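Q: What follows is a structure written as structure tokens; I'll ask about it next.
What follows draws every value from the coordinates through simple rules; no lab data is involved. Nothing here was measured: the structure is a model prediction, and the numbers come from that model. Positions of Cβ are backbone-derived with ideal geometry, glycine not excepted, and every protein chain shown enters the neighbour counts.
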Amino acid sequence: MLIVLKQALNGLMLIQPKVFSDERGYFFEAYNKREYAEIGINCEFVQDNQSLSQKGTIRGMHFQYNKPQGKLIRVLSGKATFREIDIRINSPHFGEYREYELSAENKHILWAPAGFANGFAAEEDNTIIHYKCTEFWNPKSEVSILYNDSAVGINWNIENPILSPKDMQGISLSKWKEMNISIE
């Protein structure tokens, strides 16, 4: 059984699975196609990704415009704060973002449908992120919105973030809008 804790920006969902705990530990279904369909996530997932990040790492804000990906995201170890920016040019929420804390402890799952730029900050060392994707990775259509674009105004709460060269060279949200590529 899945509980939708929050919905935002016409698509984002924070989900809590039913967790069975006892003196041995815990058990839960991380993915059950039938249960996800019941809450409106009726997708075929074609690729699973996993990353390991150290505290202070920022990854994002990533998306691809050709065969955009929906992502079902959870944290296997550690804690991360995710930020999701609505990059759908025709959306009334274009440029808005929401943030969600996911951790191994809270076991929350985030659904970010196609049309959102995805990023996170690792809040603990050895944070492991797992996400299921609705499309295969397409490096030729991959884009990063600059993690610190003042037009978006994300406060990452990290003084000296660990970043990849790609993430340091992301484009502005206004540049993305000028490209006028529709993602729906």
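Q: So if I place +1 on the C-beta of Lys and Arg and -1 on the C-beta of Asp and Glu, and nothing else carries charge, what would the dipole magnitude of the range 117-184 be about its Cα centre? I want it in debye, nearest 20.
A: 300
Q: Another question about this same structure. Is it possible to state the helix-based mean residue ellipticity at 222 nm for the chain, with each DSSP H run of 4+ residues giving -39500 (n - 2.57), the sum divided by total residues, to the nearest 500 deg cm²/dmol? What is it?
A: -2000 deg cm²/dmol
Q: For Lys107, which aspartates and glutamates qualify as cross-link partners when the Cα separation must be under 19 Å and same-chain residues fewer than eight apart are set aside?
A: Asp22, Glu23, Glu29, Glu35, Asp48, Glu84, Glu99, Glu123, Glu124, Asp125
Q: With the chain treated as a Gaussian network of Cα nodes joined by springs under 10 Å, which of Lys18, Lys107, Lys140 yields the largest mean-square fluctuation?
A: Highest fluctuation of the listed residues: Lys140.
Q: At a Förster radius of 41 Å, what calculated FRET efficiency corresponds to the Cβ-Cβ distance of Asn180 and Lys33, to the nearest 0.05? Please report the intermediate quantities before stating the final value.
A: Details: r = 35 Å, r/R0 = 0.86.
Given R0 = 41 Å and the Cβ-Cβ separation, E is 0.70.
Q: Give, rounded to the nearest 20 debye, the magnitude of the charge dipole that the range 70-110 has about its Cα centre when Lys and Arg contribute +1 at Cβ and Asp and Glu contribute -1 at Cβ. Show your work: numbers first, answer last.
A: On the way: 7 positive and 6 negative charges, 34 e Å.
Computed about the Cα centre, the dipole is about 160 debye.
Q: So, one more: Which of Asn66, Asn126, Asn160 moves most in a GNM of the chain, Cα contacts under 10 Å?
A: Its mean-square fluctuation being the largest, the pick is Asn160.
Q: Under a straight-distance cross-link criterion of Cα-Cα below 16 Å, which lysines are reachable from Lys67, leaving out those fewer than 8 residues away in the same chain?
A: Cα-Cα hits under 16 Å: Lys132, Lys140.
Q: Okay, moving on. Given the peptides 68-77, 47-56, arrange them by the average over their residues of other C-beta atoms within 10 Å, most packed first.
A: Ranking the peptides 68-77, 47-56 by packing returns 68-77, 47-56.
Q: Roughly how many nanometres apart are two label points built 7 Å out from the Cα toward the Cβ at His130 and Asn66?
A: 3.1
Q: While we're here: Excluding Lys33 itself, what net charge comes from residues whose Cβ is under 15 Å from its Cβ, given Lys and Arg +1 and Asp and Glu -1?
A: Value of the local net charge: -3.
Q: Residue separation times 0.36 nm, minus the C-alpha to C-alpha distance between Trp137 and Glu23: what's the value?
A: Net length gain for the segment: 37.0 nm.
Q: Take the Cβ-Cβ distance between Lys55 and Gln169 as r, set R0 to 30 Å, and report the resulting FRET efficiency rounded to the nearest 0.05.
A: Numbers: r = 23 Å, r/R0 = 0.77.
FRET efficiency, Lys55 to Gln169: 0.80.
Q: Then there is this: If you put +1 on each Lys and Arg Cβ and -1 on each Asp and Glu Cβ, how big is the dipole of the chain around its Cα centre, in Debye rounded to 20?
A: Details: 20 positive and 23 negative charges, 64 e Å.
In debye, rounded to 20, the chain gives about 300.
Q: Label 7 Å along Cα→Cβ of Asn157; the range 69-103 residues with amide nitrogen under 11 Å?
A: What the label zone holds, given the 11 Å backbone N cut-off, is 80-82, 100-102.
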